[in-house]
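Just so you know, all these numbers are worked out from the coordinates, no wet-lab data involved. Worth saying up front: this structure is predicted, and the values here are computed from it rather than measured. All Cβ positions, glycine included, derive from the backbone under ideal geometry; neighbour counts span all protein chains shown.
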Amino acid sequence: MRAEHPKLEAGLAALGIDVRSGTSLSELTSLGIGGTTDLLRITKHDSIPELIGLLEHHDIPYKFLGGGSNLLVGDGELPWVILQLAKPDPEIVLEGNFAHVDAAADLGRTVTFCAKHDLGGMEGLIGVPGTVGGALRMKAGAYGMQIGSYVREVKLYRAAERKIEILKGNQISFEYRHTSFGPDDMMLAVTLELPSKPFKEILQGIRICNEKRRSSQPLGQKSAGCIFKNPPGASAGRMIDELGLKGLSVGDAKVSDRHANFFVNAGQASAKDMLALISDVRGRVENAFGVKLENEVVVWNA
Ligand code: EPU
């Protein structure tokens, strides 16, 4: 999809939108899969309601992209433009035990930045790829730690109301890999309240989590993290592994040899390959265990 109408281009320029024509989503996603479209980078949160109005006026469909680390995008010319927050400077402002963080900030860098200022609690999230906004959306959690526990305030664009709102932590429900945000809401910024902890102690926690992750997950390969959510009381990875499916592939889309709930792009995998692999594995798990695995990976297919 191209944002090419002269009036639209003038409107985007007036809103300070940085347009990158013909961007390949394979470069913006950790799976390295995805077709081409125009990327619109937002430099000012306040421009979003007007931007959405402008796109709708010109019949241009759009999608919000975070860090692209939990996403499988379709192949070819994509039927929507992509909106993404540009990173502000600074991304994080500390005030006592509160960290005010822009949604575009990298989650790992946020954890280490806070750690260096003796603010802990998020050690388990250290290896979770993606942005703080993406982590909020997905209610990222690992090693018994959930970002939701520390959220005191979220600034977001509410798609249904077409306006920017601030929600208090107690107005948001955080469930496993799911939050009460609407599907088109866009996270803009968050205030976290973090416990004080000496840097050395936090670093020890970070090292332990890094080690656990390195030993069980294929970190050096292109993936979207876990493909399926864990069903209640069970592990999708263990079930897939028990069926002997590590290494199963469709084209270059492959079930990781290291962790069976990670599917990797071992070369030039297409979205079609990856979707076929997901569907094949889901079917086999359902036949063997009677459990229909739900996607954790978000699929944007045309
Ligand atoms: N297991 C196997 N074979 C495998 C993978 C796992 O037998 O191929 C076994 C492990 O040995 C372990 C159990 O399954 O006994 C659970 O495995 P693991 O500790 O790796 O946890 P998980 O349930 O597979 C979840 C999250 C991960 C998160 C880890 C650590 C989901 C879907 N996955 O994985 O999150 O990093 O716990 O907290 O909730 C993600 O969401 O993208 C993700 C990577």
*asked:* Please report the equivalent ellipsoid semi-axes of the chain, computed as sqrt(5 x eigenvalue) of the Cα gyration tensor, largest first, in whole Å.
replied: 30, 27, 16
*Cα gyration tensor category, rounded, prolate or oblate, for the stretch 232-299 with a/c compared to 1.5*: prolate
*Work out which helices of the chain, taken as complete DSSP H runs, extend at least 24 Å along their axis over the Cα atoms and score a mean Kyte-Doolittle of 0.0 or more, then list them.*
271-289
_Based only on other Cβ atoms within 10 Å, what is the fewest-to-most ordering of Thr43, Thr37?_
Thr43, Thr37
*Among residues other than Glu91 whose Cβ falls under 12 Å from its Cβ, what is the net charge (Lys/Arg +1, Asp/Glu -1)?*
-1
*Can you tell which of Pro232, Pro198, Pro129 shows the greatest fluctuation in a Gaussian network model of the chain with Cα springs below 10 Å?*
Pro232
*Cross-link pairs beyond the 31 Å C-alpha cut-off, checked among Lys168/Lys246; Lys7/Lys63; Lys200/Lys246; Lys155/Lys292*: Lys168/Lys246; Lys200/Lys246; Lys155/Lys292
*Mind jotting down a quarter of the surface of the convex hull over the alpha carbons of the stretch 100-255, in square nanometres, one decimal?*
10.7 nm²
_Give me the one-decimal Kirkwood hydrodynamic radius in Å for the stretch 142-193, with the sum taken over alpha-carbon pairs._
11.5 Å
*Using the Cβ atoms and a cut-off under 12 Å, what net charge is assigned to the surroundings of Leu219, where Lys and Arg are +1 and Asp and Glu are -1?*
+4
*asked:* Averaging over every viewing direction, what projected area does the convex hull of the Cα atoms of the stretch 202-260 cover, in nm²?
replied: 5.1 nm²
*Run the numbers on the chain and let me know its relative contact order in percent, using alpha-carbon pairs under 8 Å that are six or more apart.*
17 percent
_If neighbour count is taken as other Cβ atoms inside 10 Å, put Ser69, Ser47, Ser279 in order from fewest to most._
Ser279, Ser47, Ser69
_Lys, Arg +1 and Asp, Glu -1 on Cβ, resulting dipole of the stretch 1-102 about Cα centre, debye, nearest 20_ = 80 debye
*By counting other Cβ atoms within 10 Å of each Cβ, how are Phe263, Phe289, Phe113, Phe228 ranked from fewest to most?*
Phe289, Phe113, Phe228, Phe263
*Taking K and R as +1 and D and E as -1, what net charge do the other residues with C-beta under 13 Å from the C-beta of Lys272 add up to?*
-4
*Quick one: pull the percentage of alpha-carbon pairs in the stretch 1-133 with a separation above 17 Å.*
62 percent
*Taking GluC sites (Glu not before Pro) as candidate sites, keep only those in a DSSP loop with at most 12 other Cβ atoms within 10 Å, then name the longest stretch of the chain containing none of them.*
5-160
